[in-house]
Each structure stands twice: as structure tokens, then as C-alpha cells.
Amino acid sequence: MPRVILLTDLSEEYAKKLLKGIVRYAKEHEPWVLCKMPFSYRVEHEVEGVLDWAKKWKADGIIAQFYNTDRVGIFRENGIAAIAQDFKSRFTEIPNITGAHKLAGKMGADYYVRKGFKHFAFYGFKDIVWSSERCLGFREELDRYQLGTRFYEYRNDDFKDLWYYESAPLIAWLKALPKPVGIMACDDNQGHHIAEVCKQCGLKIPEEIAVLGVDNDEAVCTLSDPPLSSINQAVEKGGYETARLMTRMIQNPDGHHEDVIVQPTHVTTRHSTDMYATNDKYIATALRYIHQHADRKLTIDQITRLVPLSRRLLESRFKQEIGVPIYNYIMNLRIERFAFQLLETSDTIIEIADTSGFSDYKNIARQFKKIKGCTPTEYRMKNVLRNVSPTQGRYLID
């Protein structure tokens, strides 16, 4: 029966989801004895004190948020398997629970581009791996759309605490941004900071500033005013794979063990991004109608009847303003909603297709694979915990 220490901040939703995945693995396999060590113990006693306690408790492994100054190799030297949860930088001595952070950034940029934004910004930290890589992915995706020159960045120099921020320089930065602007924060806490600062200085969300976080921590997202949109990640599945990796490390301590990589899955839209950023009132009308009726069989002629434009002129102005043809925009939106239902419900694929307005299952499967790179069945299997399967090499949680 493995004895494993979990040393992390369990007040954070990310850590709670990891724990759920770990516990689920333990229930499906050999039961674990799990010690939830408060993070304050690491602060007070340092990593050497944690090791001493682990030895007295006869721990087989530890999953922890370590500081990058910690000598994490001392656990292996004492026969204890160790896995690090993303904190500041990845370790090379032990495996990490980390993320496809660049992909999350790309997802955020793509989300805003599809909403018609022309100005973009990123708010995060310097020299923090998950913040820096999300910023890089955000910028690279904008470059792909040839929008990189409309990108603005604000990164705090000091990573003191996730709750800490200096409001005066942040207010000055926000006021100086061109409006409307789509801001991606490195996580939900920082997105909440932006919402608080906007209230202080009278900036309107989402009319002037749209805000998108990462992790979809519902407590933080709903605490924010207005509620915060956020990028979901397959964290619970990451916890499951972390437990699988820990089992292998305990059984084969001298083997080569790769990182667990948690992938972003989809965006949950709340009021903080609930707008379409275009100065063209006719395109705004078209966008609003498309989003309200995306679960129906929409035609371009239906949309054309809403505005005093010919079909050809509407299609031309839409592509110029949004960057993609109307038909492609509609299909991409419907596929995104279809994918969301695959992850958020237990309905069959045919039931979801029916409620999403797709009458031809073969066509939806073909379009889904074209956009997502896999079939609906494969997408659900890769992202939903109940369908976890072992992988070779790196654990790709996608």
C-alpha cells in the first residue's frame, strides 16, 4: 500500500482537481495512504525538514510544489519518489506536473480573434514558466493571424504571491491600451485582479476590456465582477496520470520517467468576454445572430436578410473584419460547441449532434476531424477521465 505525501496549496482549485484524479486512480488500483501536508510546513521547515518527516512517516513518494532552490534530489537519494507540481520553473532532476502552456496561449488568442478583436494584451509574470509560455503561445498565434503588431504586454517583475499586485501601474497600463482590447491573464487570479482594477478606474468590462483567465477556478471566476471567462484544463486527468507515474516510480526508482503534461481543453465563456469586437454595426448584427442561433441550421441568406447589404458585400466585409468566411466561422463555432458538450455531458454523440443542429452524423464527424484533428469519439476518449488509457513515453493529457 503506497504511502504518498501531497504537499501543495489545497485552497487552489487546480490542486483540488489533481487530488481528485489521484484519489480516483488509488480507488481503481491499490489503495494509497495519502498525507495532505500543509504548504506552510515546507515554508517553516524547508525541504530538508519535509524529508525528515517523510522518512519518519515511511513515505514511498511525495507530490509537491517545490521552490526551484530546493535540493529535490535528496528524496531520491533517500529512496522516496518525488514529482514536482508547476510552480516557477520545471525541474530536471525529477518529473514535473506541467502543462502545454503555449497551447493555452494559442487557444486564448484564437478565441479573441474569432470574436473580432483587433487589439490584444497579456497580463502575467516574468520568469514564471507557465506565465511566460502562455504569453509566448498567445503572441505566436497572433503572429499567425498577422496581428502581432497589435499586441501589448504587462508582466510583473516580482512573483510574491498570486494575490499580490500593484494597482497604480496596472491602471496606467490598462488606460493606455487601445479599446476594445482582449486581455488574456496568465491565470484566473490575475484575471480577477484586472476586473478589480477596472472597477477602481471606471473601465468597462467587456465593452472596453475583455478578460480571459486560465484554469476555470469557479470560485474565483464567479467572485469576479463581472464573472470571468476562462480556459479549462484536464487537471483531474492529470492527477490520475500523476498517480500512475508515481506508481511506476515507486516500482522502478531507477527508470527514466517523463513529465505529466496537462493540456487545455476548451473555453468557458462568461460575461467578461461576452461581446463581439467590431465597429461595423452590420457585422456585429451578423455575429450576434450567429451566436444566438448556432445550434440551428443557419444559411448565409438568412443572415443577409438581417442587414442592408448584398450577400456578396456581406461576405466580403465579414471576412475583412473577422478574418474568415462566414460559413467557416459558423462551422468552427458549431464544432466548438459540439466539442464542449462532448466534455461537459454524458450524452451520446448522436444526441449531441441532434441538439447541436447537425442532422448528418457523417458530415459532423468529417468536419470535426478537419478542425480538431480527430473524430468526436477520439476527442472524448482523450479528454474525459473515465476513458484514461496508458501512453508511451510522455503522458499527454489532452
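Points to keep in mind about this one:
- Among all positions in segment 41-48, there is at least one residue which is open to solvent by 40 Å² or more (accessible area, probe 1.4 Å), among the aromatic types (Phe, Trp, Tyr) and in contact with a helix residue (DSSP H, G or I) (Cβ under 7 Å, 6 or more places away or on another chain).
- When each of Lys126, Lys27, Lys118, Lys58 is tested for being at positive phi and of a type in the set (Lys, Arg), the lone residue that passes is Lys58.
- Among residues of segment 122-134, those that are surrounded by 24 or more Cβ atoms within 10 Å (Cβ to Cβ) and either out of contact with any helix residue (DSSP H, G or I) (no Cβ under 6 Å at 6 or more places or on another chain) or in a loop (DSSP other than H, G, I, E, B) (or both), counted: 1
- In the set Lys179, Lys175, Lys204, Lys199, only one residue is open to solvent by 30 Å² or more (accessible area, probe 1.4 Å), more than 18 Å from Ser131 (Cα to Cα), in contact (Cβ under 8 Å) with a residue 60 or more places away in the chain and over 24 Å from the mean Cα position of the chain (by Cα); that residue is Lys179.
- Take the conditions (1) over 30 Å from Ile283 (Cα atoms); (2) touching a residue at least 40 places away in the same chain (Cβ under 8 Å); (3) buried (at least 21 other Cβ atoms within 10 Å of the Cβ); (4) of a type outside the set (Phe, Trp, Tyr); Ala104 misses just one of them, which is (1).
- From the options Ala294, Ala277, residue that is closer than 21 Å to Gln367 by Cα, part of a loop (DSSP other than H, G, I, E, B) and either basic (Lys, Arg) or in contact (Cβ under 8 Å) with a residue 60 or more places away in the chain (or both): Ala294
- Search result, residues across segment 15-40 that are among the hydroxyl-bearing types (Ser, Thr, Tyr) and open to solvent by less than 40 Å² (accessible area, probe 1.4 Å): Tyr25
- Qualifying residue in segment 301-312 (condition: farther than 27 Å from Glu208 by Cα, open to solvent by 50 Å² or more (accessible area, probe 1.4 Å), in contact (Cβ under 8 Å) with a residue 40 or more places away in the chain and part of a helix (DSSP H, G or I)): no
- Test for Ala277: is it in contact with a Gly (Cβ under 7 Å, 6 or more places away or on another chain), at pLDDT below 90 and surrounded by 15 or more Cβ atoms within 10 Å (Cβ to Cβ): yes
- Selection count, segment 318-327, where residues are open to solvent by less than 70 Å² (accessible area, probe 1.4 Å) and either in a helix (DSSP H, G or I) or on the phi > 0 side of the Ramachandran plot (or both): 5
- Qualifying residues in segment 280-300 (those that are out of contact with any helix residue (DSSP H, G or I) (no Cβ under 8 Å at 6 or more places or on another chain) and either surrounded by 19 or more Cβ atoms within 10 Å (Cβ to Cβ) or among the basic types (Lys, Arg) (or both)) - the one nearest to Ser230 (Cα to Cα): Arg288
- Residue-level analysis places Phe87 among those that are in a loop (DSSP other than H, G, I, E, B) and open to solvent by less than 40 Å² (accessible area, probe 1.4 Å).
The values are calculated or read from the model by the stated rules, or taken from the named source; none is laboratory data. Bear in mind the structure is a predicted one, so any value in this text is a computation, not a measurement. Every residue, glycine among them, receives a Cβ derived from its backbone with ideal geometry; neighbour counts consider all protein chains shown. Surface accessibility is based on the protein's heavy atoms, side chains included, excluding ligands, DNA and RNA. Shrake-Rupley method; radii C 1.70, N 1.55, O 1.52, S 1.80 Å.
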